[in-house]
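Some notes on the structure that comes next.
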Amino acid sequence: MSFERKFNTLLGKSDNSLYELYYDNGIELYIYDKDSKLKYKKKFVTGNYNFSNTFFDVDNKDSVYGVIYTKDNTLLYTYINQEHIYKSTLLKIDNPNFKITFPYIKKIDNKIHLFYYLVDTTRSDECTLIHYYYNGDKWVKSEIDKIKYFILSNFVITFNDNNPTIFYLNDNKGYEEVFIARFNEKTSSWNSSIQGTNTGKTKVYLSAIESPKNYYHIVFSENNSDRYHCAYYSGELADNKFIRKDYIIIQDAVACEFPHILKSNNELYIQWLEFSELFTSFSEDNGSTWSSPKFFFNDTDDSIIRYDYKSNPKKNLQLDVSYIFSYKTSHCSLGIPSNLLSDEGVNNK
């Protein structure tokens, strides 16, 4: 079987237990022990939810937390402690002409970063990229940028200590380009955004990682004569300038969907879907060259789904990943040589 359009969240704790957030007629929590046995499940929110209005993470102390944007324009902070689930109002949008999409939260010790797009529903092609920062004493609000296109793709955030760098798509001369901005913890403010790409082509989806420090690997789906190709872009961010190194078309696909990039040990992997089939390309030289795309042959009766994946950062120091493709009924990472979720290998032929 091939891809099933389901996008759940999977959180890995240091004891190898897994928390799955399942979005189907509400939000359900599934807790699995280290042997993948289901220990607990509960639906704790009703309504229509998906990756555009929820976000969950796990920190280095194994605390599971997240944010949920509800239909009454409220952003709920959610904390999960085993079977106990706590929810509280983080903020509420009073103006009915505005809504939040793609909320994101990150806790680092006693500091909190909150991001989201604030969309003007009267003008669907305009929104503002918002950041709230709690420095341990007070909240500081910033407007990172005004976005001038219809939001289809989420922003991407990387962290150096408590300083986030954000990547997002914005319009430039009628085409989406990747823009970059950096936060300065000392001043609790953002520098002016800079344009990272300049290809003059329509883009959708976005994924990025940092390796090594200040060197970024970016992946997106890009329109070339009405065919959406899987594109890789890399460069160094220095002195508030992005210095391009590589711009490579990984595969001239007809319809590249949901591309993402990840790092495992010293190798980079790009994965994407084309007509619901999974492809993978890898690099052993930090992105300078890439292997021929490899098709994942699914010889099981199980369908493939995509997870927003987070793990305890102390557990996986050699791993930088935000998404994985997995079987629907058994948690694993498909299309790469080893299973990122455990020490055991998985058949990825």
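Assuming GLU222 fulfils every condition listed in (1) charged (D, E, K, R); (2) assigned to a strand (DSSP E or B); (3) under 28 Å from TYR22 (Cβ atoms) apart from one, which condition is it?
Condition (3) is where GLU222 drops out.
Find all pairs meeting these conditions: Cβ atoms under 6 angstrom apart; at least six residues apart or on different chains; first residue within the range 18-37 and on the phi > 0 side of the Ramachandran plot and in contact (Cβ under 8 Å) with a residue 12 or more places away in the chain; second residue in a strand (DSSP E or B) and exposed (fewer than 14 other Cβ atoms within 10 Å of the Cβ).
From the range 18-37, the pairs are GLY26/LYS43.
So, GLU236, is that one within 18 Å of the chain's Cα centre (by Cα) and assigned to a strand (DSSP E or B) or not?
no
Looking for whichever is touching a residue at least 40 places away in the same chain (Cβ under 8 Å), in contact with a Ser or Thr (Cβ under 8 Å, 6 or more places away or on another chain) and farther than 20 Å from ILE147 by Cα here; the options are ILE80, ILE108, ILE85. Which one fits?
Going through ILE80, ILE108, ILE85 in turn, just one is touching a residue at least 40 places away in the same chain (Cβ under 8 Å), in contact with a Ser or Thr (Cβ under 8 Å, 6 or more places away or on another chain) and farther than 20 Å from ILE147 by Cα: ILE85.
Looking at ASP125, ASP145, ASP171, which one is among the acidic types (Asp, Glu) and assigned to a loop (DSSP other than H, G, I, E, B)?
Unique residue meeting the criteria: ASP125.
Provide a single number: the residues in the range 137-155 that are out of contact with any His (no Cβ under 6 Å at 6 or more places or on another chain) and touching a residue at least 12 places away in the same chain (Cβ under 8 Å).
Total meeting the criteria: 13.
With the checklist (1) touching a Phe, Trp or Tyr at 6+ places or on another chain (Cβ under 8 Å); (2) part of a loop (DSSP other than H, G, I, E, B); (3) over 22 Å from ASN312 (Cβ atoms) in hand, flag the one item ASP72 doesn't pass.
Failing condition for ASP72: (1).
Give the residue, chosen from PHE282, PHE275, PHE242, PHE258, that is over 24 Å from LEU341 (Cα atoms), hydrophobic (A, V, I, L, M, F, W, C), within 22 Å of the chain's Cα centre (by Cα) and buried (at least 17 other Cβ atoms within 10 Å of the Cβ). Don't jump to the end; show me each part of the working.
Details: PHE282 fails: over 24 Å from LEU341 (Cα atoms); PHE275 fails: buried (at least 17 other Cβ atoms within 10 Å of the Cβ); PHE258 fails: over 24 Å from LEU341 (Cα atoms).
Exactly one residue qualifies, and that residue is PHE242.
Can you tell me which residues in the range 175-201 are of a type in the set (Lys, Arg), closer than 27 Å to TYR133 by Cα and not in a strand (DSSP E or B)?
The answer is LYS186, and nothing else.
Rule-based calculations on the coordinates, nothing more; no lab input. From a predicted model like this one, the values you see are computed outputs, not experimental measurements. In this analysis, Cβ positions are derived from the backbone assuming ideal geometry, glycine residues included, and neighbour counts consider all displayed protein chains.
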